[in-house]
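Shown next, in structure tokens, is the structure this report addresses.
The values are calculated or read from the model by the stated rules, or taken from the named source; none is laboratory data. Not measured: the values here are computed from a predicted model. Virtual Cβ from ideal backbone geometry, glycine too; neighbours counted across all protein chains shown. Accessible surface is based on the protein model in full, side chains and every heavy atom, while ligands, DNA and RNA are left aside. Shrake-Rupley method; radii C 1.70, N 1.55, O 1.52, S 1.80 Å.
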Amino acid sequence: MIFAPSTDKNIVDKSRQPRNKAVSKAVRDTRMRLQSGLGNTGAFDREMLELYIHSIGQSALALPVLLIVVAGVMFYVTGNPQVILWLAASLSIHAVGLMLARRACRSELTAERVGRWRRLMLAASFGMGLCWSSFLALGCDSCNTANFQLAQGTVLLIALATMAMSTVLLRGALLVGFLPVVATLVTHAILDPQAGTALLGGLVTLSLAFLAFMTHRMHAANLRILAMQTEKDDLIAELEVAKSMSDEARRRAEEANLAKSRFLASMSHELRTPLNAILGFSEVMSTEVLGSLNNPTYKEYADDIHRSGQHLLNLINEILDLSRIEAGRYELNEEAVHVVEIAEDCIGMVQLKARSKNISIRQQFEAGMPSVWADEKAIRQVTLNLLSNAVKFTPAGGLITVKAGWTATGGQYVSIRDNGPGIPEEEIPVVLSAFGQGSIAIKSAEQGTGLGLPIVQAILAKHEGQFILRSKLREGTEAIAILPAKRVLQATPAEETTAIERKRRSFA
């Protein structure tokens, strides 16, 4: 017979592939590149080259406009037809650079191809530098030499500034592009040592050095911006991977916890049935219902079996209660109940044990408190758990104060305070967790299971209530169970009848 797999048996699907493999690989690659630091100038060559190629496409018309304006003015002033040839050559070189940029943009810029494309872009800049160098060869017979050299210097400075702005993303492009101009000026100054030629050469050289320094700083600033952007993307990717892993771990933990809770909740009958037999038969043997036991040691053994079985049953009941709550199978049987009556009943149930330790229990209940809409069994379990803890950890001759009254928001509360050893402040989260016990409880002779307070918290949460635990070392502990105001039933006016006194329960 084939059974369909249940959800409890398929908690973890080990056949699933780990998620975000590509993101994890990208994170590792980016981290390796960032760890190389900005000192490695080639760390972001591909990104800088891509930005440079896109900038060429965006400013494709700027240089042709400058060339046409310069050529038009020069031809108008000089009438030299060589200006047209210079303009055609310059526009052709610029067109070649644009074609290279478009081809590079369409192709995939891998790490192996970056160096090749960078050399091609530097060659295009060098070609444009040769065009500006040939601009110096253009002469004007009818012009004043000083004025013409001043005009040429102005045009070269404008061209130098334009190239500096357009090539800031390509390392070394400005020097490669304008070295032919500087070389031509130096050659002219050596061959024709005139003041104007030397001044023009020095001015262009100093401007080139200054702009090269500035473009280098701007290039470094762009590298830092790009590194920070990449680091931000790396952190985002790491957060995505961490979130994915956290979600997966939480899902598996929730499924495992839910399966555990369902298992324990469904095992209630299987666990309690043999314990009932153990408790029943051991009690029959210890009380000698069917006849006396010849050996008194057997009677002691029967008493020990009964006490151990009772302790185990209490432990199983607490585990099952907590498991039913976690599995969502803890249903509230709500009705109108009195918090004060439940507190008095629970005090009577622990009174015998309190008297055996000479512990006094003081009651402080506000009068005229109306009923609340709650599960009587659950509220009784909450109060009894808190009272049992107080009696367990209060030393002989101590005092326990039980209060019931109104909260500031209109709800009702039950407070149980003892003058026992208290709980260290750093251990309060421990004792509120499942199976958690503080150092005082571990050293105590009456150790519990560590499930009482978590059950109290869970039951109050089912009632939309709140649990507060206050404690100071060597001063005592106060546990407060609070029910919200919306569960308080407002009393309606009744007709005049003879009031019936509430019957108080008495316990031995």
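Observations on the model:
- Solvent-accessible area, 1.4 Å probe, carbon plus sulfur percent, for region 173-218: 79 percent
- Size check on region 341-412: the Cα extents along the three principal axes, sorted descending, read 36, 23, 17 Å.
- With every protein chain in place, region 39-127: carbon and sulfur % of accessible area (1.4 Å): 65 percent
- Label-reachable residues, region 357-386, where backbone N falls under 11 Å from a point 7 Å from W406's Cα toward its Cβ: 367-370
- Counting only heavy atoms of the protein chains and using a 1.4 Å probe, F210 has close to 120 Å² of accessible surface.
- Radius, Kirkwood style, for region 172-240 when every pair of distinct Cα atoms is counted (Å): 14.7 Å
- Measuring nothing but protein heavy atoms, the accessible surface of region 278-399 at 1.4 Å probe radius is 53 percent carbon and sulfur.
- In nm, spacing of pseudo-spin labels at E475 and L199 (7 Å Cα→C-beta vector): 9.0 nm
- A 1.4 Å probe run over region 106-224, with the rest of the protein chains in place, finds 52 Å² accessible per residue.
- Ordering 152-158, 469-475 by mean Cβ neighbour count within 10 Å, with the highest value first, yields 152-158, 469-475.
- For region 98-211, averaging the sequence separation of C-alpha pairs within contact (under 8 Å, six or more residues apart) and dividing by the residue count gives a relative contact order of 32 percent.
- Counting heavy atoms of the protein chains alone, K232 has an accessible area of about 100 Å² for a 1.4 Å probe.
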